[in-house]
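Here's the structure, in structure tokens; my notes come after.
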Amino acid sequence: MRPYGTDPKRIARTSEFNFTTGQRRAHSPSPALTEYNRSMRTMRLLPALLTFCLLFPAAAQTSKPRSQTSAEKLNSLLAEEWDYELRTSPETATFYGDTRFNDRLADFSPDFFAADLAQNKKFLAEFEAIDTTGLPEQDQLNRSLMVRRLRDNIEGAQFKPWEMLIDQFNGIHLAYASLPSTTSFATTKDYEDYLARLHQFPRLFDQIIANSRQGMRDGLMPPRFLLEQVVPQAQPVCPAGCQISFLNQPCRSRAPAPRNPGCGAERGCPRLRKVRPFRTR
């Protein structure tokens, strides 16, 4: 590389050489040349500037709003699906502290399971229709997990799991034994809701018995060895020949203090004690 002072091109740009004195005299470029250089820089930047102006509004009006709309739609659909689960499984709502459905028990009729399958198919179509392009990773994961769960539910319906509701791990003899401990008893309405639930147990038992008998006719039965384990599991739930019902537990161990004006123990407990204990069917 040549030293800066010996480069003829740089000399021509920055100074004028005096051959008589052997010295260089610096000078400023002419106004015309300066304006020309500015014009050339502007012309070189113009295409990039035009491209930015044309593409940026299009991107702002298409991709970004589309992602926001998809996210809002996904969150709304997730909330709708969750609310459906709580409404159709009131016991689950109670477990999570949602008291809106505390006066209901789940429906185990064949009509409900047919309607539930149709609703799952509807939810699946709606979730699959959501465009996840541009959505955060967490939202994409939520959609993927929901789609997978709905597909599993739909595919599993062909095996009629509602005809095999009792085994060594699951069944009303285990699930509903914990209902008093997961229910809130702070107001009179809490006791009234609980009492309304108790009156629905006969309907619940009839539905599960009918489903199990239909399972026997369809050849859908858990192994005998597993079903034999159900009997000893159920005995501690209803001891002493069911003369003492676990459903009265709120009045035996969880009744609110009598001085609490908001509690319903004074009115609720006498009515609960009149509930007939379970009988062997």
Query - Only listed residue being part of a helix (DSSP H, G or I) and not basic (Lys, Arg), chosen from 169, 185, 108, 127 - result: 127
Query raised in the report: Inside the stretch 212-236, can you point out the residues that are farther than 14 Å from residue 169 by Cα, outside any helix (DSSP H, G or I) and not charged (D, E, K, R)?
Result: 219, 220, 221, 235, 236
Report summary line: Across (1) surrounded by 13 or more Cβ atoms within 10 Å (Cβ to Cβ); (2) closer than 30 Å to residue 127 by Cα; (3) in contact (Cβ under 8 Å) with a residue 40 or more places away in the chain, residue 237 clears everything bar (2)
Report summary line: Across the stretch 151-183, the tally of residues that are over 30 Å from residue 220 (Cβ atoms) and surrounded by 14 or more Cβ atoms within 10 Å (Cβ to Cβ) stands at 2
**Report entry** Filtered residues of the stretch 148-194 (kept if within 28 Å of the chain's Cα centre (by Cα) and of a type in the set (Asp, Glu))
**Finding:** 152, 155, 163, 190, 193
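Tally up the residues in the stretch 91-105 that are part of a helix (DSSP H, G or I) and free of Cβ contacts under 8 Å to residues at least 12 places away in the same chain, please.
First, pick out the residues of the stretch 91-105 that are part of a helix (DSSP H, G or I): 91-95.
If we keep only those that are free of Cβ contacts under 8 Å to residues at least 12 places away in the same chain as well, we get 92-93.
Result for the stretch 91-105: 2.
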Report task. For the stretch 133-143, state whether one or more residues are more than 16 Å from the chain's Cα centre (by Cα), of a type in the set (Gly, Ala, Ser) and at negative phi. Result -> no
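A short reminder: the numbers here are calculations on the coordinates, not readings from a lab. This structure is a prediction, so every number in the text was calculated from the model and none was measured. Note that each Cβ is placed from the backbone with ideal geometry, even for glycine, and that neighbours are counted across all protein chains shown.
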